[in-house]
Amino acid sequence: MAHDDPLEVAEELVDPGHRLPGEQESEGSPLVDDAMHWQRVYEELIAFKRTLIRTAEVHKEGVPEPVAHEVGSDQVILASELNRLEQRHRFWKDRLRELQG
């Protein structure tokens, strides 16, 4: 991911096909530990995004409309990121179940 171009970063973060560094190599791994690792990684990221979304909602209360609008735009991006993270978490949860038999 190119960290110096905000448009590229934003595009990758909402892309359902985006994988975290090292994740793609683990998708076919037969190791339960790999699946557990990625499930935990996504649990932490989901908790973080949910916190950001809640914080944004609080900051919209009682502010001028332009501020609320801008924060609302942030929430759209955060919700899209959260959706992608939840999809990846489900993948790893299913993969873990599959590996555990």
> Any idea which residue in the range 57-82 is modelled with the highest pLDDT, counting only those that are in a loop (DSSP other than H, G, I, E, B) and surrounded by 11 or more Cβ atoms within 10 Å (Cβ to Cβ)?
Replying inline: Val63
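May I ask you to verify whether Glu44 is exposed (fewer than 15 other Cβ atoms within 10 Å of the Cβ), modelled with pLDDT of 95 or more and either of a type in the set (A, V, I, L, M, F, W, C) or within 21 Å of Asp74 (Cβ to Cβ) (or both)?
Answer is yes for this residue.
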> Do you know which of the residues in the range 1-37 that are among the β-branched types (Val, Ile, Thr) and touching a residue at least 24 places away in the same chain (Cβ under 8 Å) is farthest from Leu78 (Cα to Cα)?
Replying inline: Val32
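The values are calculated or read from the model by the stated rules, or taken from the named source; none is laboratory data. As the structure is a computational prediction, the values presented were derived from the model and not from experiment. Because the Cβ atoms are built from the backbone with ideal geometry, glycine has one as well, and the counts that use them run over all protein chains shown.
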